[in-house]
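Have a look at the structure below, then the notes.
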């Protein structure tokens with residue numbers, strides 16, 4: 001019954017207006033974009049000799065898009081993900097298609113040409129899907145996590161530039177390349193792409209000022225209305241606008257079906273010998289589509305601030321590609337740009353992908369005449385907006401975040417992708433990243449010690465009750481002492497270790513995660529991504545991240561991304577060293593319990609003596625040998641190097657035990673507060689003081705000098721014996737805790 005009510009609640013949430021409307025808009029817009037892309041793919045693959053088969057090609061590719069989008073929407077680990085045919089795989093299939101036509105015998109019939117190309121398309125999708133399923137089954141999806149951050153950034157920047165080029169091509173019907181830019185400045189073409197550019201820039205301004213789910217839909221409807229008002233004023237008809245390149249063209253007219261499925265009997269027309277010669281092309285489809293899926297999934301994580309289960313996504317994409325391949329669809333996977341668009345609108349529902357599939361199904365079975373009324377400047381402007389958004393994020397902003405070498409890799413990949421191709425761009429970027437890795441990186445584990453608050457305390461000596469509290473709540477602190485050089489691989493393992501500790505069902509969830517960078521030699525820009533994800537994870541679980549001993553260079557690397565201002569209670573804290581960071585965490589734990597009335601009241605000096613002595617009379621006798629003192633801040637109780645003169649019990653106040661180095665540097669060894677004892681080691685060993693003890697705030701002390709202790713032993717041996725047992729227990733507890741910490745560090 002509980003499961004049923006949960007499902008009903010989720011369904012009700014999906015159909016609330018504020019969730020349903022963005023999903024409808026995103027699904028319709030993504031559907032129109034997908035159909036436009038499919039038409040372009042079909043024209044690309046079935047060109048030249050095969051041009052008569054473009055309608056059938058559109059139908060089969062629409063079928064593939066329906067399957068891929070629908071199955072992904074239903075089974076993805078992230079609601080709102082949009083999937084479809086990929087331009088990279090379509091481009092390679094187009095090359096395979098040309099090669100098949102060139103290698104077919106002169107006597108080959110039109111049917112043999114067509115069905116051999118169809119067989120190549122189907123086989124590429126099925127083999128790609130099978131590869132995805134195997135990668136997901138053997139949990140190899142996380143291999144993408146080891147791709148350096150600049151490579152991912154270069155891929156996203158390259159995708160943005162491709163979107164810009166594609167948007168201009170959609171609006172002008174002219175190919176855009178770095179060697180063919182001059183035609184775009186012709187007056188007729190400027191008139192076609194300039195309105196789209198104005199719309200894209202207006203979208204960027206509006207969406208940065210108004211963060212509402214209706215903003216983008218309203219802007220789209222407004223732009224369409226303006227387009228048709230201008231048409232009305234100019235007296236242009238829809239057919240004239242189509243002829244002049246202002247509306248979508250190339251779609252079959254009328255309301256007939258585009259569906260012309262391949263049946264088993266058609267396989268007799270396939271020339272398998274020619275098809276086998278295209279193995280390298282089919283392998284290229286598999287490789288490029290796999291890389292595209294994994295990089296797109298990582299890009300979606302960054303764009304949506306959500307984690308994705310890559311192994312599950314591989315299985316989802318594998319199943320959908322096999323199913324699509326059986327119907328003639330081109331291999332495809334997750335689409336970064338349309339998913340980012342859906343999230344920008346506020347559509348984070350599985351309805352988006354299902355609506356996209358529904359739009360494609362309508363066009364497939366009922367015709368595409370309605371789509372011919374969609375203005376190309378609006379569609380192109382929307383694509384241009386997405387492309388510019390990617391370029392601003394990964395070309396402009398990364399200039400201020402990455403090192404010059406990492407930034408150069410981003411630009412290199414972007415240019416190679418757009419001049420040569422995706423596979424070559426990724427390969428060039430990886431080669432450069434590996435070269436940097438060989439020079440700068442090492443594979444030493446990044447976590448030297450993983451400790452809890454029960455094993456590592458600050459140097460603050462607290463009252464016994466607080467010590468017990470901190471030991472009992474030790475798992476609230478998860479302390480990681482890092483070392484070596486932190487890079488993309490080790491930072492991801494660190495993220496996984498932190499995630500595993502947070503989600504460990506057998507241990508209490510930590511309230512604080514402390515990172516000590518004292519032994520870290522360097523931090524590359526890719527590692528920042530893992531710390532950003534850790535911050536997102538910590539925020540979701542209401543955990544504080546504490547960064548200690550961060551050198552200035554590392555602080556500059558991550559402060560722009562992680563240590564942002566504006567939050568009254570940020571998820572992060574910065575401290576100069578581990579001791580002060582752990583002290584702050586301990587204070588928060590104590591403050592929490594004090595806030596609910598569980599504050600510890602340290603025993604007075606006399607109360608502790610009464611508890612230690614066999615009877616009250618002996619405690620009163622012992623009190624007579626102690627001298628009452630008042631001390632002011634800055635005064636020395638003990639000076640480093642001087643002979644001992646007794647111990648002091650802190651009745652109230654605070655002191656610091658510090659090591660004074662020859663260089664003049666002062667290292668805090670311990671901070672001691674009410675109810676604690678200092679000077680006991682010198683009292684029993686007789687050795688000169690190894691550190692100084694300085695008063696931090698006005699303090700009340702009870703001092704037992706060496707002379708007084710000797711008199712006590714002579715005059716009241718029983719009392720002296722009880723006092724020594726008390727001190728032995730005190731020192732044994734301290735030694736046991738120190739031993740426990742050492743054993744933990746040696747594991």
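FYI, it's all coordinate maths here, none of it is from the lab. This one's a predicted model, so the numbers in the text were calculated from it and none came from an experiment. Using ideal geometry, Cβ is built from the backbone for each residue, glycine included, and neighbour counts are taken over all protein chains shown.
Computed over all pairs of different Cα atoms, the Kirkwood value for the hydrodynamic radius of the stretch 605-745 is 16.0 Å.
Taking 0.36 nm per residue of sequence separation and subtracting the Cα-Cα distance, how much length would be gained by fully extending the chain between residue 506 and residue 393, in nm to one decimal?
Numbers: separation 113, 0.36 × 113 = 40.68 nm, distance 4.09 nm.
Length gained between residue 506 and residue 393: 36.6 nm.
Where does helix 279-304 land angle-wise versus the long Cα axis of the chain, in degrees 0 to 90, nearest 10? Approximately 50 degrees, to the nearest ten. Report note on the peptides 669-681, 323-335: ranked by the mean count of other C-beta atoms within 10 Å, highest first, their order is 323-335, 669-681. Each peptide in 104-117, 520-533, 159-172 receives the mean, over its residues, of other Cβ atoms within 10 Å, and ordering these scores from highest gives 159-172, 520-533, 104-117. The Stokes-Einstein estimate for the chain, based on a Kirkwood radius over Cα pairs and taken at 20 °C with 1.002 mPa s viscosity, is a diffusion coefficient of 70 µm²/s. When peptides 281-288, 683-690, 68-75, 133-140 are ranked by their average number of other Cβ atoms within 10 Å per residue, the highest-first order is 68-75, 281-288, 133-140, 683-690. Dividing the summed helix terms, -39500 (n - 2.57) for each DSSP H run of n ≥ 4, by the number of residues in the chain produces a 222 nm estimate of -19500 deg cm²/dmol to the nearest 500.
Rg/Rh for the stretch 278-381 (Cα atoms only, Rh after Kirkwood) is 1.00. Spacing of the modelled spin labels on residue 102 and residue 666, each 7 Å from Cα toward Cβ, amounts to 8.0 nm.
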